[in-house]
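Report on the following structure.
Please treat every number below as a calculation from the coordinates, not as lab data. Keep in mind that this is a model prediction, so the values were computed, not measured. Note that each Cβ is placed from the backbone with ideal geometry, even for glycine, and that neighbours are counted across all protein chains shown.
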């Protein structure tokens, strides 16, 4: 009887434990789904944009161009005026300058850049009428995407009733097109939300993080080998070990402060440069790589090392040849975790100045640059409503990069595991 | 013994930290013979074996006192590099420990680090002859590029022996090489050990009286860190002089 009661109690406990596990799993899954759905719902629309078809006459006089213009003159001509003419033709009833301005505010300055580019490439277009698909301004785009509604109180929205009418007129005439927003991936930052892109951030992040791994991976693995295989066990190495473990828990902003004080101020390295960002991130990643590499080396069977030593391999030869390749899956995992950590890191980059407005993607490690998570932070701070979807869009790009990295890690783990044959 | 001994241990003591695992052992081991180390578990057989090729000192806080002469030269002289010693004296462990590499790369490991082959074809020749020596060539010649971990336990142990002899050692130490193998594989490995005796001296640690009787020419009996008897297997097994050996053989200790 007593035995039966005990068994029932044990069963009940097991059931309770399993249910608790299931609940926490469901909670975690639910949160993940919420996150993914939320970010995708907000940010996917950043990957397409609305354009209006306009017929613009590139009249030399309107453009205030002289005869035989140079390329520089062609690029700097008054395309804004040409677009205003085209808009006026499209809506002849608009007369007042104030209203014309309001009409032109619906078209993004990106349209002017498009026209300038085309004219500079083909000067024969001057004097001709060209069709352009002009990207609309951020506010018009928000209206077309349903984020600004006519039902919103007029004093709460950035577009007047009249502006909404013009957009509706375009839509009714079938002049509005939806297109993939390549600029979002190809452009640098811009104060016009419809022209802002993640390229400078992605490139800056990849350069800085790539540099960080280039520094931290060899150093970290070498340190792990030294501590695990060569260093004697004494007070000094115990002290080192404790400190390395603590280093992994140091808040990242402290590393940023260190980077600012040591590299920017003391060594005079340029601010905002991916070089400094890379060095700071490498310091942050180092403990992660050391700890996981040591664990990977320690997990190897002792017989592996003994086998090599018994064949007359020196200690270093034993480490380099059978041991490191056998530990590769664990080491690669550590490196990728470090990589992912560094990719998502914002705080230390803020301190070393990788937070500035960067319109052109960097071409070297010394160019001022932004980073993807910093871009998210900057855009989230911006007042324009159109930056909401841009922020979420940048988060999607960041998450995609991380997902890609994790997939690469999973592949590499399998590919380089000598125990899977 | 008529010839110069292969190994001569002179008051050899082995320590793990402060613990003296082997107490002042003095003995000789003959060349081109199979010498079996026997004794109860934990008596120090493996420790002595590992002292013979300076593997003992790779354990943490391990050290050795006294000397071991190998073909007349002191292995523990200050100018001797343990790496050279281990290249000359091969060792095989209880559990087969092939590297997680291809069969070819396992055998080629020793020749590669010691620079024994100057060309690819020479290396291939060495790999083939080592595999033929242990009778594994026919079984694996068409899958040299495959992982050695795919072989059976007995094949792995023969592979590891082939790996040890690929550097042409002058002695081979075997630490209970058959304890993880089934009877069939044990038989194959034992036959191999008997053949290898023609090439160099073999020292084997074993727990099996039957195995010692089958393959050993000479036998050393250890008991709690001391060497207490040495002689032919027949002499020791049929007519032990020491009470402790008699007790062990009768199953009263160990």
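Compute the angle between helix B:153-165 and the longest alpha-carbon principal axis of chain B, please, reported from 0 to 90 degrees and rounded to the nearest 10.
Around 90 degrees separate the two axes.
Order by neighbour count: A:233, A:390, fewest other Cβ atoms within 10 Å first, most last.
Lowest count first: A:233, A:390.
So what is log10(I(q)/I(0)) for the stretch B:128-237 at q = 0.11, 0.12, 0.19 1/Å, when the Debye sum runs over its Cα atoms only?
Debye intensities relative to I(0), on a log10 scale: -0.39, -0.46, -1.01.
Hey, quick one: spin label on residue B:16, modelled 7 Å out along Cα-Cβ, who in the stretch B:70-95 has an amide N within reach, i.e. under 17 Å?
Within reach of a label on residue B:16: B:94-95.
Helix A:79-90 versus the longest principal axis of chain A: what is the Cα-based angle in degrees, 0 to 90, to the nearest 10?
60
Given 4 °C and 1.567 mPa s, compute D for chain A with the Stokes-Einstein relation, Rh being the Kirkwood radius over Cα pairs; round to the nearest whole µm²/s.
50
In the stretch B:1-63, how does Rg compare with the Kirkwood Rh, expressed as the Rg/Rh ratio over alpha carbon atoms?
Here Rg/Rh amounts to 0.99.
How do A:170, A:48 line up, fewest other C-beta atoms within 10 Å first?
In order of increasing Cβ crowding within 10 Å: A:48, A:170.
Along each of its three principal axes, how wide is the spread of alpha-carbon positions in chain B, in whole angstrom units, largest first?
So the three principal-axis extents are 55, 44, 37 Å.
Could you give the distance between the Cα centres of the stretch A:169-245 and the stretch A:295-326, to the whole Å?
33
For the Cα atoms of chain A, what angle does the longest principal axis make with the long axis of helix A:274-298, in degrees from 0 to 90, nearest 10?
For helix A:274-298, the angle is close to 30 degrees.
Where both residues lie in the protein assembly as shown, what percent of DSSP beta bridges are antiparallel, nearest 5?
Antiparallel: roughly 70 percent of the beta bridges in the protein assembly as shown.
May I ask what percent, to the nearest 5, of DSSP beta bridges between residues of chain B are antiparallel?
The antiparallel proportion sits near 60 percent.
Quick one: among B:28, B:187, B:238, which has the greatest mean-square fluctuation in a GNM of chain B with alpha-carbon springs under 10 angstrom?
Ranking B:28, B:187, B:238 by mean-square fluctuation puts B:238 first.
Which residues among the stretch A:102-121 fall inside the zone where the amide N is under 11 Å from a point 7 Å beyond the Cα of residue A:73, along Cα→Cβ?
Output list for this probe position: empty.
Quote the FRET efficiency, to the nearest 0.05, computed for residue A:360 versus residue A:121 with a Förster distance R0 of 25 Å and r equal to the Cβ-Cβ distance.
0.80
Quick one: give the max-minus-min coordinate of the C-alpha atoms of the stretch A:13-67 along each principal axis, largest first, in Å.
90, 18, 9
Gaussian network model of chain A, Cα springs within a sub-10 Å range: biggest mean-square fluctuation belongs to which of A:180, A:387, A:255?
Among A:180, A:387, A:255, the largest GNM mean-square fluctuation belongs to A:180.
Can you check how the C-alpha radius of gyration of the stretch A:19-114 compares to 2.2 N^0.38 Å, as a plain ratio?
Relative to the rule-of-thumb radius for its length, the stretch A:19-114 sits at 1.96.
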